[in-house]
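Participant: After the structure tokens below, expect a handful of questions from me.
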Amino acid sequence: MLNFIKSDKNNKYDSEDINFSNIPKHIAIIMDGNGRWAKKKNLPRTMGHKAGGEALKRIVRECSDLGVKYLTVYAFSTENWIRPKEEVSAIMRLIVEFLKREFNELHKNNVILNTVGDISKLPESCITALNDAKEKTKNNTGIMLNLALNYGGRNEILNAIKNIFKDYENNKLSKDDILNLNEDVFSSYLYTGDMPDPDIIIRPSGEKRLSNFLLWQCAYSEFWYSNINWPDFSKEDLHNAIRDYQNRNRRFGGVK
């Protein structure tokens with residue numbers, strides 16, 4: 001079970017070089033390297049995904065302790081369906097098991113559970129578990145944990161355009177509304193809705209690409225890459241990413 005213990009900000013390691021007034025509001029993570037972690041240990045790939053769930057628990061805990069408002073994790077992409085059927089089925093089972101095992105602690109500690117992506121394509125047991133958790137935590141006021149499931153950035157943008165057209169057909173938008181559409185209004189049609197764009201996107205495992213993740217939202221995100229496989233990703237690694245983020249000069253196209 002999750003054990004939410006507030007970080008001691010007087011602790012030398014926790015507080016060293018971290019500016020607690022400049023914690024990223026929104027952190028996004030591509031949880032990569034589960035399979036490679038398992039291969040190095042001569043374990044089935046499914047064991048890597050299970051270990052990745054343990055890593056997610058400790059990072060949710062630490063983000064909550066640090067005051068992060070949104071944590072979006074790439075759990076299953078629209079392209080992941082091409083993986084072996086046994087692996088896909090195992091991932092879906094692990095999602096249900098994670099929610100059953102950890103829900104009470106997540107709820108107790110005020111976590112809002114949300115999904116981004118088209119979860120209608122997931123197995124019924126997975127949809128039921130996700131929707132139940134979302135409904136029961138919707139009025140919480142702590143960190144929002146966004147599970148990106150059956151998610152693809154290109155598909156998200158196409159879906160937004162389709163929903164704009166539906167609103168036009170239903171007389172919720174006029175032709176002039178569409179012609180004068182601004183970025184804020186378009187963003188409201190994305191899965192992330194009214195959430196702020198991610199301040200930093202973290203990708204462990206050594207890969208240095210987005211893999212169709214938050215393509216619209218990442219326009220001015222900072223990126224932090226690491227060779228650490230996701231199951232080994234620790235709160236110290238998270239601290240390192242945040243320190244690096246805080247030392248960058250975010251100009252958003254302007255000059256400082």
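The values are calculated or read from the model by the stated rules, or taken from the named source; none is laboratory data. Keep in mind that what you see is a predicted model, and the values were worked out from it rather than measured. Glycine gets a Cβ as well: all are built from the backbone with ideal geometry, and neighbour counts include every protein chain shown.
Participant: Residue check: is VAL68 of a type in the set (A, V, I, L, M, F, W, C), more than 15 Å from PHE98 (Cβ to Cβ), modelled with pLDDT of 95 or more and buried (at least 20 other Cβ atoms within 10 Å of the Cβ)?
Facilitator: Yes: the conditions hold for VAL68.
Participant: Would you pick out the residues in region 17-54 that are part of a loop (DSSP other than H, G, I, E, B) and closer than 18 Å to LEU94 by Cβ?
Facilitator: Selection gives MET31, ASP32, GLY33, LYS41, LEU43, PRO44.
Participant: May I pose another question? From the list ASN139, ASN170, ASN159, ASN131, exactly one residue is among the polar types (S, T, N, Q), surrounded by 15 or more Cβ atoms within 10 Å (Cβ to Cβ) and either over 23 Å from PHE252 (Cβ atoms) or in contact with a strand residue (DSSP E or B) (Cβ under 9 Å, 6 or more places away or on another chain) (or both). Which is it?
Facilitator: Only one candidate qualifies: ASN159.
Participant: Now, a different point. Given the criteria touching a residue at least 12 places away in the same chain (Cβ under 8 Å), farther than 18 Å from ILE59 by Cβ, surrounded by fewer than 16 Cβ atoms within 10 Å (Cβ to Cβ) and among the polar types (S, T, N, Q), does ASN104 qualify?
Facilitator: yes
Participant: From the set of residues in region 19-35 that are modelled with pLDDT under 95 and out of contact with any helix residue (DSSP H, G or I) (no Cβ under 6 Å at 6 or more places or on another chain), which is surrounded by the fewest Cβ atoms within 10 Å (Cβ to Cβ)?
Facilitator: Here the residue is SER21.
Participant: What residue, among those in region 204-256 that are closer than 24 Å to ASN22 by Cβ, exposed (fewer than 13 other Cβ atoms within 10 Å of the Cβ) and among the polar types (S, T, N, Q), is modelled with the highest pLDDT?
Facilitator: Among those that are closer than 24 Å to ASN22 by Cβ, exposed (fewer than 13 other Cβ atoms within 10 Å of the Cβ) and among the polar types (S, T, N, Q), it is ASN247.
Participant: Just wondering, is there one or more residues in region 43-58 that are touching a residue at least 12 places away in the same chain (Cβ under 8 Å), among the hydroxyl-bearing types (Ser, Thr, Tyr) and out of contact with any Pro (no Cβ under 6 Å at 6 or more places or on another chain)?
Facilitator: Checked against the condition, which is being touching a residue at least 12 places away in the same chain (Cβ under 8 Å), among the hydroxyl-bearing types (Ser, Thr, Tyr) and out of contact with any Pro (no Cβ under 6 Å at 6 or more places or on another chain), region 43-58 yields at least one hit.
Participant: Where in region 128-228 are there strands (runs of 3 or more DSSP E), lying wholly inside it, with at least 1 residues that are touching a residue at least 40 places away in the same chain (Cβ under 8 Å)?
Facilitator: Fully inside region 128-228 and qualifying: 144-151, 200-203.
Participant: Return yes when SER205 is among the polar types (S, T, N, Q) and under 30 Å from MET47 (Cβ atoms) and no when it is not.
Facilitator: yes
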